[in-house]
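The values are calculated or read from the model by the stated rules, or taken from the named source; none is laboratory data. Quick caveat: nothing in here was measured; it's all calculated off a predicted structure. A quick note on method: Cβ atoms are made from the backbone with ideal geometry, for glycine too, and the neighbour counts reach across all protein chains shown.
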Amino acid sequence: MNWRRNPMGFIAVWALIAFLTTTVSAQDRDAIIAKAKEEKVFVYYSTTDIRDGTAMVHAFQKKYPFVEPKLMRLGSTQVVVKVLQEHRGGAHLFDVISATSFQFYEIFKEGLFQRYDSPERRAFADDFKDKEGYWVSAYHNASVVSYNTNLVKPQELPKSYDDLLDPKWKGKMLMDSRETEWYASMLQILGREKGLRLMRGLAKQDLSFRPGRTLITQVLASGEAPLAVNNYDHLVQSAKKRGAPVESLPLTPVVSRVTPIALGRYAPHPTIGKLFIDFSLSEEGQKILRGFGRSSARKGIEPDDLQRKGIKLDVSDISLAKDYARYDKEFKDIFGLK
């Protein structure tokens, strides 16, 4: 057929192709839903705080009312211990896991996830998903310096991490005592020699340590210290919206920690697991997380404060977790932590 002489024929063929594609897709969708109804139950292990995790699960259940979700909120260390103990005991209970990057890697390296090429995956920037198709970051947390606006004047603000080594900050800074990943990332980005020089300099500044960045934000807001070396930007912005006198200071580099979501290799309910991953990564799911102040790497989602300012993020490399024991020992030795 000559398409130039018969353009209507060309249109008709493409219309037929589009119809068949739509029909097949609809049939596939019907088959997926039927299989999901057979599975019925869904088990989700997550290190996300209970508020955000519960909201996501409830929204998913509203979309698929036949699903009986079981959310287990676990601490970063707990999720690793639980999953590995279950695996070694021959029990495979979870369908999907969403966990902080280094902890996720501990499970990943044991071969406990399977590839899943979610149709939502292509909407995410390459830095926020692996090349092999195992995971995508459900959200990410950017590390920033933060300060109390009542205690630090604009002209006093440090312009680089090296400025934190100024004697005027000695005894006046907070730091998270569980910062092995941030430490490892900073050494990788800055270079080991320069990174170690910074860390050893900070260690001489009589830092006040607290376990966790939520607590760091609370202490900073209370005025117990004027500045925190590392905090999550979304926690600072959330506290600021509630009226706390705090602000972020994104010094270079800004390390951003991914939170991968992935399907279990031995998932008892893999069809529902895939539907949940699709939902979590979809525009609808990402808007839910964004509503809680989480940062999304999905194209088209409202940018966070750092994204609006065009701040460059250095995404944490989860493979650094291969040397976790070494980095953890170095971090604790340098800062005198047990």
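The strands (runs of 3 or more DSSP E) found wholly in segment 158-239 and carrying at least 2 residues that are touching a residue at least 60 places away in the same chain (Cβ under 8 Å) occupy 227-232. Scanning segment 292-338 for residues that are assigned to a loop (DSSP other than H, G, I, E, B) and of a type in the set (A, V, I, L, M, F, W, C), we see that the one that is nearest to ILE261 (Cα to Cα) is ALA297.
Take TYR147 and decide whether it is assigned to a strand (DSSP E or B), farther than 19 Å from ARG290 by Cα and in contact (Cβ under 8 Å) with a residue 40 or more places away in the chain. Against the criterion (assigned to a strand (DSSP E or B), farther than 19 Å from ARG290 by Cα and in contact (Cβ under 8 Å) with a residue 40 or more places away in the chain), TYR147 qualifies. Among the candidates LEU289, LEU263, the residue that is assigned by TED's automatic domain parsing to the domain that holds ALA34, among the hydrophobic types (A, V, I, L, M, F, W, C), part of a helix (DSSP H, G or I) and touching a Phe, Trp or Tyr at 6+ places or on another chain (Cβ under 9 Å) is uniquely LEU289.
GLU247 meets all of the listed conditions (1) in a loop (DSSP other than H, G, I, E, B); (2) assigned by TED's automatic domain parsing to the domain that holds ARG192 but one, namely (1).
For segment 161-180, state whether one or more residues are of a type outside the set (S, T, N, Q) and farther than 30 Å from ALA225 by Cβ. Checked segment 161-180: no residue is of a type outside the set (S, T, N, Q) and farther than 30 Å from ALA225 by Cβ. Kindly indicate whether any position in segment 267-280 is of a type in the set (S, T, N, Q), outside the structural domain of THR217 (by TED's automatic domain parsing), under 15 Å from the mean Cα position of the chain (by Cα) and under 30 Å from ILE32 (Cβ atoms). Yes. Comparison of ASP328, ASP305, ASP317 shows that the only residue that is in contact with an Asp or Glu (Cβ under 9 Å, 6 or more places away or on another chain), under 18 Å from VAL255 (Cβ atoms), surrounded by 14 or more Cβ atoms within 10 Å (Cβ to Cβ) and not small (Gly, Ala, Ser) is ASP305.
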